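Just below is one structure, and these are the notes that go with it.
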Amino acid sequence: MAKERRRAVLELLQRPGNARCADCGAPDPDWASYTLGVFICLSCSGIHRNIPQVSKVKSVRLDAWEEAQVEFMASHGNDAARARFESKVPSFYYRPTPSDCQLLREQWIRAKYERQEFIYPEKQEPYSAGYREGFLWKRGRDNGQFLSRKFVLTEREGALKYFNRNDAKEPKAVMKIEHLNATFQPAKIGHPHGLQVTYLKDNSTRNIFIYHEDGKEIVDWFNALRAARFHYLQVAFPGAGDADVSGGPALVPKLSRNYLKEGYMEKTGPKQTEGFRKRWFTMDDRRLMYFKDPLDAFARGEVFIGSKESGYTVLHGFPPSTQGHHWPHGITIVTPDRKFLFACETESDQREWVAAFQKAVDRPMLPQEYAVEAHFKHKP
């Protein structure tokens, strides 16, 4: 009898809507919340365990199932839960994927089931109001200490500002929503709620690193920034639908983007006569930036990577006469102006970097990217 009930639950997994985790979309979920009626992956099941007042979980394959629980799962399922708990998710709200950090997935699950934010839109006020202010811990540019700073996001002014003192009249920095990006970087920042915000200043990228002790607070900030970008893009590109702006067809930049690749490589200067130096590299869309330290505020230099139609090529290895590199696995990027040489420590690093560069080179350039290329300062 117990085997039959387990087989019945396994059969429910074959329904089209149940083939992926209800929360992050990971394939082949083998856990279930028998109080919500959803099938979820192992990773999300751990988050559900932390909200036992809302969700109780079981393994589909290992645990014993009662008849009533099987019937409940049969009459619910992922599609039904989505129709109920996700009926009013704003277009700009970030839906996590299996590769996203724990915090984003946890707050999405809590927002859905515990706080029911997507059933009652009035609960979305913290990130949909168009204005937000509060205190965040910000890493100092020079000393690396995190200090409490007041931040103000105002959609009307199209800007995120921060102030060095609570009573300061003038902000220390004004970051235009138009050029702003935010991405969670817990490992790099050394805090599970660490958020990296970048913006353009004089056509160079500036990084700031922030966190809040409360996970809901920092994720609300993240979604408020996406909301502000969404509304800016709706005005800037009136013909684009919600899906375009949220990251459908590449008509419009995305609301926020994760980096294509980050890590250490060695590089040499433009004349390729000096030795190679180890640097931290970040590939952000078509900008390849390099830093002495991963948490530097400004890049030491940036390289624009255009498309093959514009004369950009990525090659495995170095030109024959290259010397001075400690790491053996070379990459050459050919641009219309010059060649850039990079060295990777391992073959798998080299493979991943080449794939990231190739992706950019294979993609035709958008009209606005030609303007970026024209402005681009090739720093040595």
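The values are calculated or read from the model by the stated rules, or taken from the named source; none is laboratory data. Note that the structure is a prediction, hence the values are computed from the model and not measured. As a convention, Cβ positions derive from the backbone with ideal geometry for all residues, glycine included, and neighbour counts pool all protein chains shown. Only protein heavy atoms, including side chains, enter the accessible area calculation; ligands, DNA and RNA are left aside. Shrake-Rupley method; radii C 1.70, N 1.55, O 1.52, S 1.80 Å.
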At q = 0.21 Å⁻¹, base-10 log of I(q)/I(0) for region 40-132 (Debye sum, equal scatterers on each alpha carbon): -1.21
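Within region 43-165, how many Lys pairs sit with Cα atoms under 12 Å apart, leaving out pairs fewer than 8 places apart on the same chain?
The number of close lysine pairs in region 43-165 is 5.
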Cut-off 13 Å between beta-carbons: net charge of the residues surrounding Leu341, Lys and Arg +1, Asp and Glu -1: +4
With a 1.4 Å probe and all protein chains left in place, how much of the accessible area of the chain comes from carbon and sulfur atoms, in whole percent? 51 percent
Heads up, I need the accessible area for Leu315: 1.4 angstrom probe, whole protein in place, Å², nearest 10. 80 Å²
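Dipole size in debye (nearest 20) for the chain around its Cα centre, Lys and Arg Cβ +1, Asp and Glu Cβ -1?
Values: 57 positive and 48 negative charges, 147 e Å.
The calculation lands at about 700 debye.
Which value at 222 nm does the chain reach when only helices count, each DSSP H run of 4 or more adding -39,500 (n - 2.57), with the total divided by all residues and rounded to the nearest 500 deg cm²/dmol? Numbers along the way, then the final one.
Values: 11 runs with 104 residues, N = 380.
It comes out at -8000 deg cm²/dmol, rounded to the nearest 500.
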Keeping all protein chains in position, work out how much accessible area Arg226 exposes to a 1.4 Å probe, and write it in Å² to the nearest 10. 20 Å²
Rounded to one decimal in nm, the spacing of the 7 Å Cα→Cβ label points at Lys216 and Arg363 is 3.5 nm
Roughly what would the spin-label model give for Glu347 and Lys254, points 7 Å off Cα along C-beta, in nm? 3.1 nm
When the chain is fully extended, how far beyond the present Cα-Cα distance does Glu133 get from Asp296, taking 0.36 nm per residue of separation? 56.1 nm
Express in whole angstrom the spacing between the alpha-carbon centres of region 345-367 and region 50-85. 42 Å
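Given a Förster radius of 22 Å and the C-beta distance between His316 and Lys271 as r, what FRET efficiency does 1/(1 + (r/R0)^6) yield to the nearest 0.05?
Working: r = 22 Å, r/R0 = 1.02.
Working from the Cβ atoms, E equals 0.45.
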Putting +1 on Lys and Arg Cβ atoms and -1 on Asp and Glu Cβ atoms, find which of Gln234, Ala2, Ile109 reaches farthest to the positive end of the dipole of the chain. Gln234
Please give the net charge around Glu117, taking every other residue with its beta carbon less than 11 angstrom from that of Glu117, where Lys and Arg add +1 and Asp and Glu add -1. +1
Kirkwood hydrodynamic radius, the chain, all distinct C-alpha pairs: what's the number in Å? 23.2 Å
Amide H of Lys172 versus every other amide H placed in the peptide plane: which residues, excluding those fewer than 5 positions away on the same chain, fall under 5 Å? Tyr162, Phe163, Asn164
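Can you compute the FRET efficiency between Thr332 and Glu11 using 1/(1 + (r/R0)^6), with r the Cβ-Cβ distance and R0 = 45 Å? Round to the nearest 0.05. List each step's numbers first, then the result.
On the way: r = 54 Å, r/R0 = 1.21.
After rounding to 0.05, the efficiency reads 0.25.
As a test of reading the structure, rank Asp28, Asp63, Asp220 by solvent-accessible area (1.4 Å probe, protein chains only), most first.
On the way: Asp28 120, Asp63 55, Asp220 5 Å².
From most exposed to least exposed: Asp28, Asp63, Asp220.
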With a 1.4 Å probe and every protein chain left in place, tell me how much accessible area Cys41 has, in Å² to the nearest 10. 20 Å²
FRET E, pair Ser99, Lys176, Förster distance 30 Å, beta-carbon r, rounded to 0.05: 0.55
Computed Kirkwood radius, in angstrom, where 1/r is averaged over Cα pairs of region 79-237: 16.4 Å
Would you be so kind as to identify which of Pro367, His326, Ala356 lies farthest towards the positive end of the dipole of region 320-380, taking Lys and Arg as +1 and Asp and Glu as -1 on Cβ and the Cα centre as origin? Pro367
Pairs of Cα atoms under 8 Å, at least six residues apart: use those to get the relative contact order of region 25-156, whole percent. 18 percent
For q = 0.11, 0.16, 0.20, 0.23 Å⁻¹, what log10 I(q)/I(0) does region 278-380 give under the Debye formula with an equal point scatterer on each alpha carbon and no solvent? -0.33, -0.71, -1.12, -1.42
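Express the accessible area of region 149-227 per residue in Å², computed with a 1.4 Å probe while the remaining protein chains stay in the model.
Details: 3200 Å² over 79 residues.
Computed with neighbouring chains in place, this is 40 Å² per residue.
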Gained length - Ser59 relative to Ser148, 0.36 nm times residue gap less alpha-carbon distance: 27.7 nm
